[in-house]
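As structure tokens, the structure follows; a few thoughts come after it.
Computed from the coordinates by the stated procedures, all read-outs in this text should not be read as laboratory data. None of these values were measured; they are calculated from a predicted model. Glycine also receives a Cβ, built like all others from the backbone with ideal geometry; neighbour counts cover every protein chain displayed.
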Amino acid sequence: MKTSVPKQTPVKLLTEEFWSKNEILNQPGKIEHSVNIIDKNGNYRIQVNAPGFKKEDFKIRVENGVLNIQAYATDEKEEIKKNYVRKEFLTSSLARSFRLPEGIDVSDIKARYKNGRLYIKMGKANTVKKMNKKIKVQ
């Protein structure tokens, strides 16, 4: 005996597919903030892939010999329509920490953000000063 599958209209197919548990669509967006660390000409240079942020979103500190990089941003667009079937807010965060090697001149660490990349430059010093510092992003 042949069983028949109920025929579905295109609208019903679209609606069921929209609400289905599609693993790709239902995954929150995750961006890997990859890092390059370069040792060149007496300096360490850290490059952090961090698209979607503004320089004001970053908090960079050195505490107890650890360089902490944090950023948080939200993008929430106000729309007049109230009957949302699906609406997603964009929230991005970044958190990376690096134990600094001996001999880093903490007082001379510089950071800048340009074209989706955070660049941090720190020089090597002959004498080690243990200190904490907040680094302003240019």
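Once the chain from D75 to N49 is taken as fully extended at 0.36 nm per residue, the excess over their C-alpha distance is 7.5 nm. Once both labels are positioned 7 Å from their Cα atoms along Cα-to-Cβ, the gap between A95 and N68 label points is 1.0 nm. The 3J(HN,Hα) values that the Karplus relation (6.51, -1.76, 1.60; θ = phi - 60°) gives for the range 65-74 are, in residue order, x, 10, 8, 10, 10, 9, 8, 9, 9, 10 Hz. Gly and Pro appear as x. Amide H contacts of A125: I104, D105, each under 5 Å away and 5 or more positions distant or on a separate chain (H built 1.01 Å from N in the peptide plane; Pro and chain starts excluded). Packing here is the average count of other Cβ atoms within 10 Å per residue, and on that basis the peptides 33-44, 99-110, 56-67, highest first, run 56-67, 99-110, 33-44.
For I109, no residue 5 or more places off, or on another chain, has a built amide H under 5 Å of its own.
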